[in-house]
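Quick notes on the structure that follows.
Computed from the coordinates by the stated procedures, all read-outs in this text should not be read as laboratory data. The shown structure was predicted, so the numbers you read here are calculated from the model rather than taken from an experiment. Glycine also receives a Cβ, built like all others from the backbone with ideal geometry; neighbour counts cover every protein chain displayed.
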Amino acid sequence: MAKLVINAERKLSHINKELQGHFSEHLGRCIYEGLYVGENSEIPNVNGMRTDVVEALKQIRIPVLRWPGGCFADEYHWKDGIGPKEGRKKIVNTHWGGVVEDNSFGTHEFFELCRQLGCETYINGNMGSGTVQEMSEWVEYMTFEGVSPMADLRTKNGHKEAWTVDYFGVGNENWGCGGNMNPDFYGNMYRRYQTYVRNYAGNKPIKKIACGANVDDYEWTEEVMKTTFRRNEPGQHGFMDGLSLHYYTHPGGWLNKGSATEFDEKKWYQTMKKTWYMDELITRHGAIMDKYDPKKEVGMIVDEWGTWYEVEPGTNPGFLYQQNTMRDALVAGINLNIFNKHSDRVKMANIAQMINVLQAVILTEGSKMIKTPTYHVFDMYKYHQDADLLDSTLETEIVGLEEENMVPNLSESVSIDADGVMHITMTNLDLEHAYPIETTILGKKVDSIEAQIVTQEMHAKNTFEDPENVTVQSFEGVEKVHAGIKFTIPACSVLHIALK
Ligand code: AHR
């Protein structure tokens, strides 16, 4: 019997709803076909946005959406994507398949999509190949309400009111596709560019995000923090509100990612081990940030995470289209628990990517749409959004097949929402064993219990022929006992328990 102890009287940190954020890039069929089909499409849409997709995304309460990239962002010139569509420039999407980008989805369309989703906006600016002026004019175009060249241009293009930009990223992966910079060079460039990401009077201040490290590049974090961190003091605002981190789970490494659907148990545990590595990365990058920013004013923004496998056979290698199985459900559940546990420092996380690319929550084929196992995990975890993390400890065992791929069997996080409902999410990555859990709850009486689960055999997935193979099921196995509750978490499962 494993023990879980929860102290409802010890709130540790606020779980920003943005920890369940998403990322959409001009890559493959994420934007075009996935989200945007155009006003004249036969697929039902509102102002070009697919109705089925928008409705499904609203159900999981998308809190924030990052756009337009990714690597695409540092080659994106926003003026190509405004004005009458027939006049918009057609360009080559050099990063992703060399296809024609007709710019029919641009700034106005992005804000329209976020309006329909009811989510916050995270724009990623172009530092790699763009000028300070271009970036500054984009911010003016989007957010300035008065009389100015860019505000006038926006009005001329049919939108008089300014929009709200909640987050603005100054470059993406500037250590790589965003310009191959060294950290001190980037840090100084960042100081310069961010100066012109203006907060216009009367607007909600834009949260500025600096480009952070690739995986375990701790030197990048050290140098960028050293160069750019400035404390918020009376009369002066710091230079940044967030520092990003990118980490993908490639089971066999970058050169041996493996199939999304055909894998054995060894690959399963390898994937889980790689997923758990997120915890170490956050801890170690966080420790460096703490040296400069002990008050944790700068959020860690994990704005690209998720599984990255070989593309589905027969699809364009530049489109990064992959299927999604129970393995992805576990990867999502573990990562979201890790983010919650680090919510004192991690202020946003964006799964890559929302639709039809990498660890997508939705896949489309023409007018058909399916929700992936990852979608269903987000659906169960949404109750943590803007709740408070509670102190909890769980006994785990180390499981796996080979010494180098041994991992903790269980992960968990617990929160309490504004209505006093406690939410426990737990994963069991063990492929064979269920685990009985005895839970002691301090400081809260249990009046009623509701529980849901995503569980199946490891390869289970949803297809266009069988879209409901993996879904959220209700779980009846939670029992009230004197000190709290007890239940048995099945093998290969992700569980959500709500206690009133
Ligand atoms: O998400 C796909 C790509 O991965 C992004 O464009 C880039 O930022 C990262 O390398």
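Of VAL481, MET406, ASN462, which is farthest on the positive side of the dipole of the stretch 391-499, counting Cα position, with +1 on Lys and Arg Cβ, -1 on Asp and Glu Cβ, and the Cα centre as origin?
So the residue we want is VAL481.
Using a ≥ b ≥ c from the Cα gyration tensor of the stretch 391-499 (square roots of the eigenvalues), is it rounded, prolate or oblate, where a/c under 1.5 gives rounded and otherwise the larger of a/b and b/c decides, a/b for prolate?
Numbers: a/c = 2.23, a/b = 1.30, b/c = 1.71.
Oblate is the answer for the stretch 391-499, as a/c is 1.5 or above yet b/c matches or exceeds a/b.
Would you mind putting 419-429, 348-358, 67-77 in packing order, based on average other-beta-carbon counts within 10 Å, highest first?
Values: 419-429: 21.0, 348-358: 26.5, 67-77: 24.3.
Taking the mean over residues of other Cβ atoms within 10 Å, the ranking is 348-358, 67-77, 419-429.
For the stretch 26-84, which trypsin sites (Lys or Arg not before Pro) are in a loop by DSSP, counting at most 12 other Cβ atoms within 10 Å?
Values: sites: ARG29, ARG50, LYS58, ARG61, ARG66, LYS79; in loops: ARG29, ARG61.
Filter output for the stretch 26-84: empty list.
Name the cysteines of the chain that stand alone by the Cβ rule: no other cysteine Cβ under 4.7 angstrom.
By the Cβ distance rule, which asks for a partner under 4.7 Å, the isolated cysteines are CYS30, CYS114, CYS119, CYS211, CYS492.
Which ³J(HN,Hα) values in Hz, rounded to whole numbers, follow from the phi angles of the stretch 96-109 under the Karplus curve 6.51 cos²θ - 1.76 cosθ + 1.60, where θ = phi - 60° and Gly and Pro get x?
10, x, x, 7, 6, 9, 8, 6, 6, 10, x, 4, 4, 5
Across 10 Å bins from 0, what is the distribution of all Cα-Cα pair distances for the stretch 15-387, in whole percents?
Distribution as computed: 5, 25, 35, 26, 8, 1, 0 percent.
Using a/c under 1.5 as the rounded threshold, could you call the stretch 314-426 rounded, prolate or oblate? The axes a ≥ b ≥ c are square roots of the C-alpha gyration tensor eigenvalues, and prolate needs a/b larger than b/c, oblate otherwise.
Values: a/c = 2.36, a/b = 1.38, b/c = 1.70.
Since a/c reaches 1.5 but b/c is at least a/b, the shape of the stretch 314-426 is classed as oblate.
Along the Cα-to-C-beta direction of LYS226, a point sits 7 Å from the Cα; which residues of the stretch 277-304 have their amide N less than 13 Å from that point?
292
Place the peptides 19-25, 368-374, 131-137 in order of packing, highest mean first, counting for every residue the other Cβ atoms within 10 Å and averaging per peptide.
Per-residue Cβ counts within 10 Å, averaged per peptide and sorted highest first, yield 19-25, 368-374, 131-137.
Would you give the gap between the C-alpha center of the stretch 361-375 and the C-alpha center of the stretch 211-279, rounded to a whole Å?
26 Å
Under the 0.36 nm per residue contour assumption, what length would be gained going from the current alpha-carbon distance of LYS500 and LYS266 to full extension? Walk me through the intermediate numbers first.
Working: separation 234, 0.36 × 234 = 84.24 nm, distance 3.97 nm.
Net length gain for the segment: 80.3 nm.
Determine the relative contact order of the chain: mean sequence separation of Cα pairs under 8 Å and six or more apart, normalised by residue count, in whole percent. Intermediate results must be reported in sequence, preceding the final value.
Numbers: 1159 pairs, mean separation 95.5, N = 500.
About 19 percent, as a whole number.
Which GluC sites (Glu not before Pro) in the stretch 387-454 sit in a loop by DSSP (not H, G, I, E or B) and have at most 15 other Cβ atoms within 10 Å of their own Cβ? Walk me through the numbers on the way to the answer.
Details: sites: GLU395, GLU397, GLU402, GLU403, GLU404, GLU412, GLU432, GLU438, GLU450; in loops: GLU395, GLU397, GLU402, GLU432.
Sparse-neighbourhood loop GluC sites (Glu not before Pro): GLU395, GLU397, GLU402, GLU432.
For labels at MET406 and GLU438 in the simple 7 Å Cα→Cβ model, what's the distance in nm?
Each label point lies 7 Å from its Cα, and together they span 2.5 nm.
Starting from 0.36 nm per residue, how many nanometres of slack lie between ARG10 and GLU233 once their C-alpha separation is accounted for? Kindly include the intermediate steps, with their values, before the conclusion.
Details: separation 223, 0.36 × 223 = 80.28 nm, distance 2.96 nm.
Result for the pair: 77.3 nm of gain on full extension.
For the peptides 197-206, 305-314, what is the packing order when you average, over each peptide's residues, the other Cβ atoms within 10 Å and list the highest mean first? Don't skip to the answer; put the middle values down first.
Numbers: 197-206: 14.3, 305-314: 19.4.
For the peptides 197-206, 305-314, the packing ranking is 305-314, 197-206.
Which listed residue (ALA210, LEU390, MET142) has the Cα farthest towards the positive end of the charge dipole for the chain, taking +1 on Lys and Arg C-beta and -1 on Asp and Glu C-beta about the Cα centre?
So the residue we want is MET142.
Put +1 on the Cβ of each Lys and Arg and -1 on the Cβ of each Asp and Glu in the chain; which of LEU19, ALA352, ILE334 then has its Cα farthest toward the positive end of the dipole?
So the residue we want is LEU19.
How much length, in nm to one decimal, is gained on full extension between LYS58 and GLU86, taken as 0.36 nm per residue of separation minus their Cα-Cα distance? Intermediate results must be reported in sequence, preceding the final value.
Working: separation 28, 0.36 × 28 = 10.08 nm, distance 3.08 nm.
Fully extending the segment from LYS58 to GLU86 adds 7.0 nm.
Using the Cα centre as the reference, give the magnitude of the dipole from point charges on the C-beta atoms of the chain (Lys, Arg: +1; Asp, Glu: -1; all else neutral), rounded to the nearest 20 debye. Mind showing how you got there, number by number?
Values: 49 positive and 71 negative charges, 275 e Å.
With only Lys, Arg, Asp and Glu charged at Cβ, the dipole is about 1320 debye.
Could you pull out every residue, at least 5 positions away or on a different chain, whose amide H is within less than 5 Å of the one on GLY176? Hs are placed 1.01 Å off N in the peptide plane, and Pro or chain starts have none.
MET181
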